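Right, one structure below, let's go through it.
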Amino acid sequence: MPGSRVPGRTWTVRLTGHSDHTVSVTCSTAACKMPPRSKDASSMRRFAAEHVKAHGRLAGARPNAACSCGSAQCTLHETRVHCAGTSLLVLVHNPAVGQVWTLAEVCQACARNVPHITILATGKPALPTPAAPSLEQPTQRAAVPGGFSSPEAAPDPSPGRRRPHRPHRPNRSRG
C-alpha cells in the first residue's frame, strides 16, 4: 500500500564502564563492529558519538516512518502526547550523563517533548514526479477584454477616444 507507515527505527549506542577501569562501546545493531575495551574513555566517547552520527547519515529520515517513540510507550519523554506531524530523525544525548546516544525516528509532536534532542533530518514526502511532458503544446489564446466571450466579439480599441478633460474648478467657499 503506497501510503502505509513503516515502523520507526531506533539505534542505541552505549559507553559502559568496567571494574578494571576500561570502557567499551556497544551498539543495538548487531552487525556493527565495536573496538575492544580501552582505558582511554575520551577516545571511546568520541568513537560512540561518531558511530551514532554515522548511523544517522546512512539511515536518513523516511517520510513514511511511524513514530518509534509512540510504539515504545513514549519512553523518550515524560509528557503523554498523541503522535502527529512529519517524521524526524533525531539524536537524543544528555551531556550530563554522556554515556547513551539514542537515534530514533519520531514524530514532530513527540520531538517537542524530548529533552536533549538534536534533529538530524526531516522525512519530507517525495514530491510526485511529473508525467513526461506531451509533445503537443497548447496554442496561446488571444487576450480577451473583460466581459467578452471571444476575441472576435471584442470591439477595436480606439486610442483616440477619451473622456474630455475637465477644467480645474476652484474650491467654493462655504459661508
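Below is a table of values for the structure above.
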item: Gyration tensor (Cα) of segment 10-123, equivalent ellipsoid semi-axes in angstrom; result: 28, 15, 11
item: Distance in nm between pseudo-label sites at K124 and E50 (7 Å out along the Cβ direction from Cα); result: 3.1 nm
item: Gained length - L58 relative to Q108, 0.36 nm times residue gap less alpha-carbon distance; result: 15.9 nm
item: Point-to-point label distance, S4-V97, nm (Cα→Cβ direction, 7 Å offset); result: 3.5 nm
item: Segment T16-K33, length gained on full extension (0.36 nm per residue, minus Cα span); result: 4.6 nm
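Quick note: the coordinates plus some simple rules give every number you see, no bench work behind them. Owing to the predicted nature of the structure, the values given are computational and were not obtained by experimental measurement. FYI the Cβ positions are ideal-geometry reconstructions off the backbone, even for glycines, and counts take in every protein chain you see.
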